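Worksheet: the structure to be examined is printed underneath.
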Amino acid sequence: MTEICLSPSGKVVESQPGDTVLAALERAGYALPNNCRAGACGECKVRVMSGDFDQGMVLDMALSQEERAQGYGLMCMAKPTSDRLVIEWGTEDAKPKLFPPQTRQPFIVTDRIPRSSRIVELHLRPLGTPMRYWPGQYVVLGDAPAGAPPRCYSIANAPRPDGEIVLQVARVDDGLTSRWIHDSLAIGAYVSVDGPYGTFIGDPSVETPVLCLAAGTGLAPILALTEAALRRNYRQPVTLLVSARSRADLYGEGLLAYWQTRHRNFKYRAALTRETDPALLNGRLPVVLPGLFEDLSSHSVFIAGSPDFVADCTRAVTALGAKPGQIHTEGYFGQAQPEAPPPEQLVA
Ligand SMILES: Cc1cc2nc3c(=O)[nH]c(=O)nc-3n(C[C@H](O)[C@H](O)[C@H](O)COP(=O)(O)OP(=O)(O)OC[C@H]3O[C@@H](n4cnc5c(N)ncnc54)[C@H](O)[C@@H]3O)c2cc1C
Ligand code: FES
């Protein structure tokens, strides 16, 4: 068995005989970026600071001779051959580094699907290089000449090879940008997107049960996080509670039912606040939660939705023992301006 040590955090991952470094990291929950998993795209390139590995057959265009000489390797094909391998990955606290946000990335609206009477889902396909992002992050979309100022929208899917991103936008009756999206933005339209932004991303160093709480389109980043976690076989129980006013406001239930059937560790329940339905939970999530969980001290909690929903749920999970460092929140503050992360948190 080999120890793979992550620098600068010092976290250690065990690698079994025959494992690639990527496989060992993923089993331990670390989401190293990757695409082809065959040594052809260069996406999984990291610097190996010490230790030996067998790089296997990879393409020169994915890993040049110069990069090899500098110690870089492609982790999707690299197999450790020494007892210890130290690789440069992540930040001091073993969080993944963020991809530098880019402005004015061209996308085409390839589809728009009404998800409820107030929520439309946009599918955007990039015209240029796919945007690199972590599940849970958001983009900024708007059209100044059309009177739609830039607004933040969470990406509702995990990254795909074709770079398509999905946004779920709720109509705000007197809202400038959400009304433009609902009433004017047509299939085939060209849009310019900035991003990715935000740090509402999975913490790869935790192996805990997960509780996700979402209200309205707060479901969007939770869908992306859940898709990514289930895709890489996260083993711990994942519970998703969705809050909606009425049954008609619930959306995404088909996908959630599929995940629940396909993955035994995933459970989904909806709670209605303005209707009663004996088949569902009834009441606001902060009120319902104590009846469902006695102790959340070992859970990681992800909460997304309106600022009031996030604040109320944070209080409720804290009262049930959830630790501050394990509560991750995304509040949909109106007219929020995105902040570019500091350089030391960015992928070089
Ligand atoms: C990180 C982040 C992620 C976000 N992700 C999403 C997402 O995935 N989907 C989504 O639909 N929205 C999301 N939002 C909210 C979004 O950015 C906009 O605030 C929202 O679409 C309203 O913009 P607007 O231009 O239509 O309204 P504005 O013209 O900005 O506002 C018009 C009026 O409506 C009020 N208002 C603004 N937002 C709301 C609201 N949600 N409910 C009630 N009143 C409101 C304002 O205070 C103002 O009085 C996110 C916000 C943040 C900060
Ligand atoms: S994932 Fe493409 S080279 Fe490793």
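The values are calculated or read from the model by the stated rules, or taken from the named source; none is laboratory data. Keep in mind it's a predicted model, so treat the numbers as computed, not measured. Positions of Cβ are generated from backbone atoms using ideal geometry, with glycine treated the same way; all protein chains shown enter the neighbour counts.
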- [ ] Tell me which residues, restricted to segment 152-189, are of a type in the set (D, E, K, R) and more than 18 Å from MET131 (Cα to Cα).
- [x] ARG171, ASP173, ASP174, ARG179, ASP183
Open item on the list: Could you go through segment 223-244 and let me know if any residue there is touching a His at 6+ places or on another chain (Cβ under 7 Å) and either touching a residue at least 12 places away in the same chain (Cβ under 8 Å) or in the same structural domain as ALA28 (by TED's automatic domain parsing) (or both).
Closed with: yes
TODO: Go through segment 296-338 and give me each residue that's within 13 Å of ligand 1 (Cβ to nearest atom) and part of a loop (DSSP other than H, G, I, E, B).
DONE: SER306, TYR332, PHE333, GLY334, GLN335, ALA336, GLN337, PRO338
- [ ] Of the numbered conditions (1) modelled with pLDDT of 95 or more; (2) surrounded by fewer than 19 Cβ atoms within 10 Å (Cβ to Cβ); (3) outside the structural domain of MET131 (by TED's automatic domain parsing), SER205 fails exactly one; give the number of that condition.
- [x] (1)
TODO: Could you list, in sequence order, all residues of segment 3-54 that are within 14 Å of ligand 2 (Cβ to nearest atom) and either of a type in the set (Asp, Glu) or in the same structural domain as PRO159 (by TED's automatic domain parsing) (or both)?
DONE: GLU26, GLU43
Open item on the list: Report every pair of residues separated by at least 6 positions or lying on different chains whose Cβ atoms are under 9 Å apart, first residue within segment 320-338 and outside the structural domain of SER300 (by TED's automatic domain parsing), second within 16 Å of ligand 2 (Cβ to nearest atom).
Closed with: none
- [ ] Considering each residue of segment 115-142, count those that are among the β-branched types (Val, Ile, Thr) and either modelled with pLDDT under 95 or surrounded by fewer than 14 Cβ atoms within 10 Å (Cβ to Cβ) (or both), and give that number.
- [x] 1
Open item on the list: I'm checking my understanding of the structure. Among residues of segment 11-24 that are under 15 Å from LEU74 (Cβ atoms) and modelled with pLDDT of 90 or more, which one is nearest to ligand 1 (Cβ to nearest atom)?
Closed with: LEU22
Task: Residues located in segment 55-70, provided they are in a loop (DSSP other than H, G, I, E, B) and either within 16 Å of ligand 2 (Cβ to nearest atom) or buried (at least 17 other Cβ atoms within 10 Å of the Cβ) (or both) - done: GLN55, GLY56, MET57, VAL58, LEU59, ASP60, MET61, ALA62, LEU63, SER64
Open item on the list: On the basis of being outside the structural domain of ASN35 (by TED's automatic domain parsing), more than 11 Å from ligand 1 (Cβ to nearest atom) and closer than 16 Å to LEU219 by Cβ, does PRO161 make the cut?
Closed with: no
Open item on the list: Residue pairs, Cβ under 6 Å, 6 or more apart or interchain, first in segment 187-209 and closer than 20 Å to GLU330 by Cβ, second of a type in the set (S, T, N, Q) and part of a strand (DSSP E or B). List them.
Closed with: VAL193/GLN105; ASP194/THR103; VAL206/SER300; THR208/SER300
TODO: Considering every residue within segment 97-114, establish whether at least one is more than 22 Å from ASP19 (Cα to Cα), within 16 Å of ligand 2 (Cβ to nearest atom) and either touching a residue at least 40 places away in the same chain (Cβ under 8 Å) or buried (at least 17 other Cβ atoms within 10 Å of the Cβ) (or both).
DONE: yes
Task: Any chance SER297 is of a type in the set (Gly, Ala, Ser) and touching a helix residue (DSSP H, G or I) at 6+ places or on another chain (Cβ under 6 Å) - done: no
Open item on the list: With within 15 Å of ligand 1 (Cβ to nearest atom), farther than 20 Å from PRO221 by Cβ and not hydroxyl-bearing (Ser, Thr, Tyr) as the only criterion, which of ALA94, ALA144 stands out?
Closed with: ALA144
Open item on the list: Of the conditions (1) surrounded by 15 or more Cβ atoms within 10 Å (Cβ to Cβ); (2) more than 15 Å from ligand 2 (Cβ to nearest atom); (3) more than 25 Å from the chain's Cα centre (by Cα), GLY90 satisfies every one except a single condition; which number is it?
Closed with: (3)
Open item on the list: Among the residues of segment 164-191, what is the count of those that are more than 8 Å from ligand 1 (Cβ to nearest atom) and surrounded by fewer than 14 Cβ atoms within 10 Å (Cβ to Cβ)?
Closed with: 6
Open item on the list: Testing GLY254 on (1) surrounded by 13 or more Cβ atoms within 10 Å (Cβ to Cβ); (2) modelled with pLDDT of 95 or more, one condition comes back false. Which one is that?
Closed with: (1)
